1. Please state the relative contact order of region 79-228 as a whole percent: Cα pairs under 8 Å, 6+ residues apart?
2. If one computes P(r) from the Cα atoms of region 97-202, what percent of pairs lie at distances over 18 Å?
3. Lys/Arg Cβ at +1, Asp/Glu Cβ at -1, dipole of region 113-227 taken about the Cα centre: which of F191, G113, Q172 is farthest positive-ward?
4. Just how large is the dipole of region 78-166 about the Cα centre, in debye to the nearest 20, putting +1 at every Lys and Arg Cβ and -1 at every Asp and Glu Cβ?
5. Which lysines, if any, have their Cα less than 25 Å from the Cα of K203, not counting same-chain residues under 8 positions apart?
6. What's the local net charge at R194, with K and R +1, D and E -1, over the other residues with C-beta under 10 Å away?
7. Note down the nm distance, to one decimal, between modelled labels 7 Å out along Cα→Cβ at N127 and at R232.
8. Would you rank F145, F161, F234 by solvent-accessible area, highest first, keeping every protein chain in place and using a 1.4 Å probe?
Amino acid sequence: MFVRTIRAAIFSLVGGGLLAFSGCASGQVAEPSTSLQTQDIAPATVAAPVAPPVAQPVVPPVAPPAAEVSGPAPQQSAAADVNAYHLDNGDEIKVTVYDEPDLSGTFELDGSGAFSMSLIGQVEARNLTARQLEREIERKLRDGFLRNPSVTVEVMTYRPFYILGEINRPGQYPYTNGLTVMNAIASAGDFTYRADKRRVFIKSVDQEHEREVSLTPSTPVRPGDTIRIKQRLF
């Protein structure tokens, strides 16, 4: 009985030691196991937040440059031509010299396109505009006569125009501002029954040859123009 008790105690001691040894062994292995598991398990990949697309400014389309229109320039009105009117023989002008009434007056350009003024004598006006003639008179007056002259030139009467051909009263007629071919024809007694009423021929003083133009209510006439009405074919 005593012997069995001793054996039981020995087995109990041995078993407890084995269990303690086993526990210690188990604890030592657990740490590397945990470490290995931590190394083996890759951390979850966290997706970086995606920035919203930046709105681009809306650029309006650029219109292409306008194409150049080929062909003859649009015909100017008679009034526009008079604004750049070049003086010549037969024109009557009014010259006003500021604060000099003795030098001012009305003058008619002679056959050479010139006229004569007090102090400065002969003044060539042919092919000059009214503004250019003002500067020319001022230049002459500054040359030993007036210190700071101020001159204005106004066209009082434009040189006449001429109309011939198939017209009832061909001849020379006074020009008026804004005159058209239809007005000129009416002044000359209208067409003859043989007249071509669709086309006319016009020669200006600054051109060598006459030009054919379509007859419209707004076809302009310039001072000194010669209008020719052609006979119709049928």
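1. Once normalised by length, the contact order is 21 percent.
2. Of all Cα-Cα pairs in region 97-202, 59 percent lie more than 18 Å apart.
3. Checked the options; the winner is G113.
4. The dipole magnitude comes to about 320 debye.
5. List returned: K230.
6. Around R194, the charge tally is 0.
7. So the label points at N127 and R232 sit 4.2 nm apart.
8. F234, F145, F161
The values are calculated or read from the model by the stated rules, or taken from the named source; none is laboratory data. Because the structure is a prediction, the values reported are computed rather than measured. Positions of Cβ are generated from backbone atoms using ideal geometry, with glycine treated the same way; all protein chains shown enter the neighbour counts. We work out accessible area using only protein heavy atoms, side chains counted, and drop any ligands, DNA or RNA first. Shrake-Rupley method; radii C 1.70, N 1.55, O 1.52, S 1.80 Å.
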